[in-house]
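Okay, structure first, notes after.
The values are calculated or read from the model by the stated rules, or taken from the named source; none is laboratory data. A quick note: this is a predicted structure, and the numbers were derived from the prediction, not measured. Glycine also receives a Cβ, built like all others from the backbone with ideal geometry; neighbour counts cover every protein chain displayed. Protein only, heavy atoms only, side chains kept; ligands, DNA and RNA dropped before computing areas. Shrake-Rupley method; radii C 1.70, N 1.55, O 1.52, S 1.80 Å.
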Amino acid sequence: MTSPTPLAGIRVLEFTHMVMGPTVGMTLADLGAEVIKVEPAPAGDSTRRLGGSGAGFYAAFGRGRRSLCVDLKQPEGLALVQKLAARADVVVENFRPGAMARLGLGYAQLSATNPGLVYCSCKGFLPGPYEHRTALDEVVQMMGGLAYMTGLEGRPLRAGSSVIDIMGGMSGVIGILAALAERQRTGVGGEIQAGLFETVALLMAQHMAQTKITGQAPPPMSVRRPAWPVYDIFATSDGGQVFVGVVTDTQWPAFCAAFGLDDLASDPTLSNKQQRADARDRTIPRIAQALLAYTKPDLMAKCEALGLPFAPIGKPADLFEDPHLLGSGGLVPLTLPDGQPIDLPALPVSIDGARPGGTGDLRAPGADGAAIAAELGYSEAEIAALRASGALTG
């Protein structure tokens, strides 16, 4: 089935690095936009060369672009990019406040010659008292309460993914799509900003509301008392672990009957969900003992037959072989710059039954520079001069 491309015909000029901004570019590319990533000459985005826990950043969020490596400090390099911006529908950037304007590539400067331009800045903080602070995913997780809610009491812990960068990038995409829709009515683009701190604040909204409603600040999720009778990780006889939830009144009797817990089902002190949640101290050890008699595959099969929410405790590498992802188009094949093939997650949406993505391998730094310059009307001699001066790589 052909991948949907609802943004075909939209040209995006991307000045980003790390995760938040590249998430915006990847999403737009997967949806069919032409995305040109402007990278510093000669080596390209430094994200390409990260190691350790950042080694997967570029591979995960760098697909689907054309690569243009230019030296923006040289007038010839800057002029080339300004010509591109005059023809762009969208600009995306995630540099320090004021950095793009100092280069002559700020919203006010570019929209003066391209009034239909939608300009998205991915920032640590939206305008306000904190806007000039340096922010990273982990910084705002600590500030906004996510690290507190994830860790143990007294031991804040960042979430196990760049979740705020990624969700913040998705917020930028939402703003871009809204501005493009508005442009269809007015012919005028607009300036969009997405903030990391504001993103983590939205994720904390449920806990903020809970505090006001109950009069008590919620404890970290690691030590919370679940609101459900069964909402726990259980050991299995083969050394595995399975999360199992029993969250409705109709699930409880079926669960008890399936696992030999008829006495719990008939206990009058466990007749409703709230009573069962209050009695977790005595019921969960008994349930854990009953479930320990099953292997991990057998327990999951039984939970699936009962229609219960359940999950194996997986690791990221397990997703390469996940039968659902493999069978639903949920992994996008691409080739790393070293020639190694890899399958990485597609966007988590389906459009008319098809998954967007599969938009191209990771490009080498500057791989498309000469072609892009030629499309702008540069002659072969002019392109050669740009290369010779170092203003253009590739």
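As an exercise: evaluate residue 183 against (1) touching a residue at least 40 places away in the same chain (Cβ under 8 Å); (2) within 14 Å of the chain's Cα centre (by Cα) and give the number of the one condition it does not meet. Tallying (1) touching a residue at least 40 places away in the same chain (Cβ under 8 Å); (2) within 14 Å of the chain's Cα centre (by Cα), residue 183 fails exactly one: (2). Looking only at residues in region 59-73 that are out of contact with any helix residue (DSSP H, G or I) (no Cβ under 6 Å at 6 or more places or on another chain) and open to solvent by 40 Å² or more (accessible area, probe 1.4 Å), the one that is nearest to residue 21 (Cα to Cα) is 66.
Part of a helix (DSSP H, G or I), of a type in the set (S, T, N, Q) and on the phi < 0 side of the Ramachandran plot: is that true of residue 161 in this structure?
Numbers: part of a helix (DSSP H, G or I): no; of a type in the set (S, T, N, Q): yes; on the phi < 0 side of the Ramachandran plot: yes.
No: the conditions fail for residue 161.
Of all residue pairs spaced 6 or more apart or on separate chains, those with beta-carbon atoms under 8 Å, a first member in region 79-103 that is open to solvent by 10 Å² or more (accessible area, probe 1.4 Å) and a second member that is among the small types (Gly, Ala, Ser) and in a helix (DSSP H, G or I) are 94/21; 101/108.
Filtering 214, 199 for residues that are β-branched (Val, Ile, Thr) and farther than 30 Å from residue 11 by Cβ leaves a single hit, 214. Scanning region 119-131 for residues that are more than 17 Å from the chain's Cα centre (by Cα) and under 22 Å from residue 202 (Cβ atoms), we see that the one that is least open to solvent (accessible area, probe 1.4 Å) is 125. For region 197-218, a residue qualifies if it is open to solvent by less than 70 Å² (accessible area, probe 1.4 Å) and at negative phi, and the qualifying residues are 197, 198, 199, 200, 201, 203, 204, 205, 207, 209, 211, 218.
Tell me, yes or no, whether region 150-170 has at least one residue that is among the basic types (Lys, Arg), surrounded by 16 or more Cβ atoms within 10 Å (Cβ to Cβ) and more than 30 Å from residue 389 (Cα to Cα). Explain how you work it out, then say what you get.
Quick first cut of region 150-170, residues among the basic types (Lys, Arg) only: 155, 158.
Narrowing the set further to residues that are surrounded by 16 or more Cβ atoms within 10 Å (Cβ to Cβ) leaves 158.
Imposing the further condition that a residue be more than 30 Å from residue 389 (Cα to Cα) reduces the set to 158.
Yes - at least one qualifying residue is present in region 150-170.
What do you reckon, is residue 276 buried (at least 16 other Cβ atoms within 10 Å of the Cβ), of a type in the set (D, E, K, R) and either part of a helix (DSSP H, G or I) or in contact (Cβ under 8 Å) with a residue 60 or more places away in the chain (or both)? Quick ask: steps written out before the conclusion?
Working: buried (at least 16 other Cβ atoms within 10 Å of the Cβ): yes; of a type in the set (D, E, K, R): yes; either part of a helix (DSSP H, G or I) or in contact (Cβ under 8 Å) with a residue 60 or more places away in the chain (or both): yes.
Answer is yes for this residue.
Against the conditions (1) touching a helix residue (DSSP H, G or I) at 6+ places or on another chain (Cβ under 6 Å); (2) without any contact (Cβ under 8 Å) to a residue 12 or more places away in the chain, residue 331 satisfies every one except (2). For first residues located in region 48-59 and under 15 Å from residue 361 (Cα atoms), partners that are open to solvent by less than 60 Å² (accessible area, probe 1.4 Å) and hydroxyl-bearing (Ser, Thr, Tyr) and lie 6+ apart or on another chain with Cβ distances below 6 Å form the pairs 48/58; 57/47; 58/47.
The lone criterion from (1) touching a Pro at 6+ places or on another chain (Cβ under 8 Å); (2) open to solvent by 60 Å² or more (accessible area, probe 1.4 Å); (3) not in a loop (DSSP other than H, G, I, E, B) left unmet by residue 174 is number (1).
Which residues, taken from region 247-263, are among the β-branched types (Val, Ile, Thr) and open to solvent by 40 Å² or more (accessible area, probe 1.4 Å)? Break it down stepwise before answering.
Quick first cut of region 247-263, residues among the β-branched types (Val, Ile, Thr) only: 247-248, 250.
Those that are among the β-branched types (Val, Ile, Thr) and open to solvent by 40 Å² or more (accessible area, probe 1.4 Å): 248, 250.
Would you confirm whether any residue within region 219-230 is exposed (fewer than 12 other Cβ atoms within 10 Å of the Cβ) and in contact (Cβ under 8 Å) with a residue 60 or more places away in the chain? So far as region 219-230 goes, yes, one or more of its residues are exposed (fewer than 12 other Cβ atoms within 10 Å of the Cβ) and in contact (Cβ under 8 Å) with a residue 60 or more places away in the chain. Restricting 135, 194, 147 to those that are under 30 Å from residue 316 (Cβ atoms), open to solvent by 10 Å² or more (accessible area, probe 1.4 Å), of a type outside the set (Lys, Arg) and touching a helix residue (DSSP H, G or I) at 6+ places or on another chain (Cβ under 9 Å) reduces the list to 135.
Looking only at region 314-359, residues that are within 20 Å of residue 36 (Cα to Cα) and exposed (fewer than 15 other Cβ atoms within 10 Å of the Cβ) come to 2 in all.
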